[in-house]
Amino acid sequence: MKPWLLTILLVIATISLAACGNRTQSDLNQFEQSMSEVDKKQNHVKKVMDDMHLNRLNELSKSDLTDRNQEDFEQMSKDMDKKLMPAFHSYKEAAKALPADTKDVKALRSQYLEEVDQQEKALKDDRAYIHLCNQSIKANEDILNYTRLFEKRRAQLEIKVSDAKKAGETKSADALVSKLKDNNKQLQDMAKKYLDAEDPKQTKSVIKNKIEPLISKQIEDLNQSNVTDSETTKARQSAIEMYYSLQNYYETRQQTIDFSTKLDDYDMNKLPLTGKDLNKYHKQYNKNLKHLKQKLSKNN
């Protein structure tokens with residue numbers, strides 16, 4: 001190749017590279033101008049997070065999930081759905097609208113949007129955790145209510161048995177009481193034998209496969225028992241209602257085990273609980289932005 005032709009080609013290549021660099025620089029300038037609006041919306045998300053005091057989840061998660069902290073979780077749940085997630089949606093839409101025409105800036109925007117998706121997933125984990133806490137509190141309340149209802153119906157049963165004996169139905173009333181004592185012993189023996197396990201999954205399995213079938217069988221036996229005396233029949237009905245309360249108690253206890261197991265799967269150290277925690281998701285984007293600026297600076 002002739003020397004003068006090589007010189008012309010080098011000049012053309014240099015001009016092309018400079019033009020490409022200028023287009024990228026111009027594109028990056030527009031990108032960063034638009035990013036200022038995105039940053040405003042992200043800062044609003046951070047402020048909402050801090051105003052919600054999500055960092056209290058660390059403290060609340062270590063306490064018993066009872067009605068004492070129910071109001072806190074319910075308020076967090078409302079703020080999450082009505083304030084935080086709508087604010088994040090607005091931020092995400094602004095990020096998706098970021099301009100990018102050149103290859104390098106398009107790659108930069110893709111990285112940023114990927115990190116926005118990671119932020120969204122993390123906040124949804126926050127929301128799922130809060131909702132689980134609310135469900136757990138509700139289930140614990142139900143367990144307490146079913147326990148009270150069981151005791152109430154047991155007291156009613158004792159009154160009905162007494163009424164039956166006063167009405168001269170001693171034989172049928174004693175037969176019913178004998179059956180109930182036998183049922184109670186079966187349940188107590190099974191509970192002592194199987195429910196001492198520390199493994200929640202094993203406890204749930206015992207309830208589902210042993211305790212509940214036994215209670216169902218006892219209810220069925222009571223329904224099919226041949227009782228003709230009127231007052232004893234009323235006592236039997238009270239006994240059946242008492243067993244239904246016990247059945248509901250064990251069904252709900254399984255739910256509490258499920259909720260506790262799911263809550264244990266969350267690592268509180270990884271959940272974003274403050275606005276500042278969202279910054280870590282943009283580390284790679286910031287590195288890529290810095291690298292691109294250095295690259296354009298060298299070309300200029």
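The values are calculated or read from the model by the stated rules, or taken from the named source; none is laboratory data. Small disclaimer: the values here were computed from a predicted structure and weren't measured. Note: ideal-geometry Cβ built from the backbone for every residue, glycine included; neighbour counts use all protein chains shown. Keep in mind that these areas ignore ligands, DNA and RNA; they rest on the heavy atoms of the full protein, side chains included. Shrake-Rupley method; radii C 1.70, N 1.55, O 1.52, S 1.80 Å.
Here Ala155 fulfils each of the conditions (1) farther than 21 Å from Arg253 by Cα; (2) in contact with a Phe, Trp or Tyr (Cβ under 9 Å, 6 or more places away or on another chain); (3) surrounded by fewer than 16 Cβ atoms within 10 Å (Cβ to Cβ) apart from (2). So if I check each of Lys124, Lys193, which one is over 25 Å from Asn223 (Cβ atoms), basic (Lys, Arg) and modelled with pLDDT under 95? Sole residue among the options that is over 25 Å from Asn223 (Cβ atoms), basic (Lys, Arg) and modelled with pLDDT under 95: Lys193. Looking across segment 90-105 at every residue that is loosely packed, with under 15 Cβ neighbours inside 10 Å and assigned to a helix (DSSP H, G or I), the one that is modelled with the lowest pLDDT is identified as Lys103. Could you tell me whether segment 73-89 includes any residue that is at negative phi, of a type in the set (Gly, Ala, Ser) and modelled with pLDDT under 95? Yes.
Exactly one residue among Asp265, Asp221, Asp229 is farther than 30 Å from Met35 by Cα and either touching a residue at least 60 places away in the same chain (Cβ under 8 Å) or of a type in the set (Lys, Arg) (or both), and that residue is Asp229. Only one of the numbered conditions (1) open to solvent by less than 20 Å² (accessible area, probe 1.4 Å); (2) farther than 22 Å from Lys287 by Cβ; (3) touching a residue at least 60 places away in the same chain (Cβ under 8 Å) is not met by Ala87, and that is (3). Take the conditions (1) farther than 19 Å from Leu28 by Cα; (2) open to solvent by 40 Å² or more (accessible area, probe 1.4 Å); Asn134 misses just one of them, which is (2).
Considering only residues that are out of contact with any helix residue (DSSP H, G or I) (no Cβ under 7 Å at 6 or more places or on another chain) and more than 26 Å from Ser230 (Cβ to Cβ), which ones fall in segment 170-190? Once the filter is applied, which keeps residues that are out of contact with any helix residue (DSSP H, G or I) (no Cβ under 7 Å at 6 or more places or on another chain) and more than 26 Å from Ser230 (Cβ to Cβ), segment 170-190 yields Lys185, Gln188, Asp189. Of everything in segment 275-298, what is in contact with a Leu (Cβ under 7 Å, 6 or more places away or on another chain) and open to solvent by 30 Å² or more (accessible area, probe 1.4 Å)? Give them in sequence order. Result: Asn288, single match.
Quick check on segment 110-118. Is at least one of its residues at pLDDT 95 or above, more than 29 Å from Ser77 (Cα to Cα) and either open to solvent by less than 30 Å² (accessible area, probe 1.4 Å) or in a helix (DSSP H, G or I) (or both)? Within segment 110-118, one or more residues are at pLDDT 95 or above, more than 29 Å from Ser77 (Cα to Cα) and either open to solvent by less than 30 Å² (accessible area, probe 1.4 Å) or in a helix (DSSP H, G or I) (or both).
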